[in-house]
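Student: If you scroll down you'll find the structure; I have some questions about it.
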Amino acid sequence: MQPEITIHDYPCGSGKTTAMIKSFKEDRKYLVILPLLSEVDRVVETATKVRFSQPSENDNEAGTKETSLEKMLLTGQNIATTHSLHQRLVSMARRGLIDDYDIIIDAIGGWATEGISHQYGKGHSLTVMHGWMGKLSAFRLVSSKIN
């Protein structure tokens with residue numbers, strides 16, 4: 001089965017995260033990557049259909065969130081984490097630890113407006129975005145709107 005990518009393209013505050021939380025299904029495994037720790041807490045606390053955990057340096061002998069994340073993936077837990085752990089997923093992905101997960105990345109890119117997303121700056125250059133879109137050619141791309 002060919003992987004599928006769905007893009008929900010709406011501005012901050014339009015209900016994307018709330019819609020995402022309502023859409024979780026018990027028979028799926030999720031890895032949700034969010035921009036802020038408060039949003040991670042929101043998913044963990046308000047997702048009622050599916051139980052979520054977040055990586056913690058306190059739940060492993062190594063004392064790192066990365067080790068915690070890996071342990072959660074190995075045990076098949078639903079995970080909500082921040083973008084700061086996102087880049088550490090590469091080695092785990094290469095070992096197939098996220099193959100059977102639905103991966104949701106909230107707030108990709110960057111914006112120059114004030115507010116929550118301001119911390120992302122102006123986003124990636126067109127050259128970088130073009131490179132990523134080229135890599136998507138191996139996937140089935142589905143554009144979606146929130147109802």
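The values are calculated or read from the model by the stated rules, or taken from the named source; none is laboratory data. A quick note: this is a predicted structure, and the numbers were derived from the prediction, not measured. Every residue, glycine among them, receives a Cβ derived from its backbone with ideal geometry; neighbour counts consider all protein chains shown.
Student: Among residues belonging to segment 40-57 that are modelled with pLDDT of 90 or more and among the charged types (D, E, K, R), point out the one that is farthest from Leu85 (Cα to Cα).
Tutor: Lys49
Student: Between a first residue in segment 32-59 that is within 15 Å of Thr18 (Cβ to Cβ) and of a type outside the set (D, E, K, R) and a second residue that is modelled with pLDDT under 90 and not in a strand (DSSP E or B), which pairs have beta carbons less than 6 Å apart while being 6 or more apart in sequence or on different chains?
Tutor: Pairs found: Leu34/Asp106.
Student: Identify all residues within segment 9-45 that are part of a loop (DSSP other than H, G, I, E, B), loosely packed, with under 15 Cβ neighbours inside 10 Å and basic (Lys, Arg); write none if there are none.
Tutor: Lys25, Arg28
Student: Within segment 58-105, track down each residue that is in contact with a Leu (Cβ under 6 Å, 6 or more places away or on another chain) and at pLDDT below 80.
Tutor: Leu85
Student: Being closer than 21 Å to Lys16 by Cβ and modelled with pLDDT under 80 is the requirement here; does Leu136 meet it?
Tutor: Working: closer than 21 Å to Lys16 by Cβ: yes; modelled with pLDDT under 80: yes.
Yes.
Student: Out of Glu70, Glu57, I need the residue that is surrounded by 14 or more Cβ atoms within 10 Å (Cβ to Cβ) and acidic (Asp, Glu). Which one? Explain how you work it out, then say what you get.
Tutor: Values: Glu57 fails: surrounded by 14 or more Cβ atoms within 10 Å (Cβ to Cβ).
After ruling out the rest, the residue left standing is Glu70.
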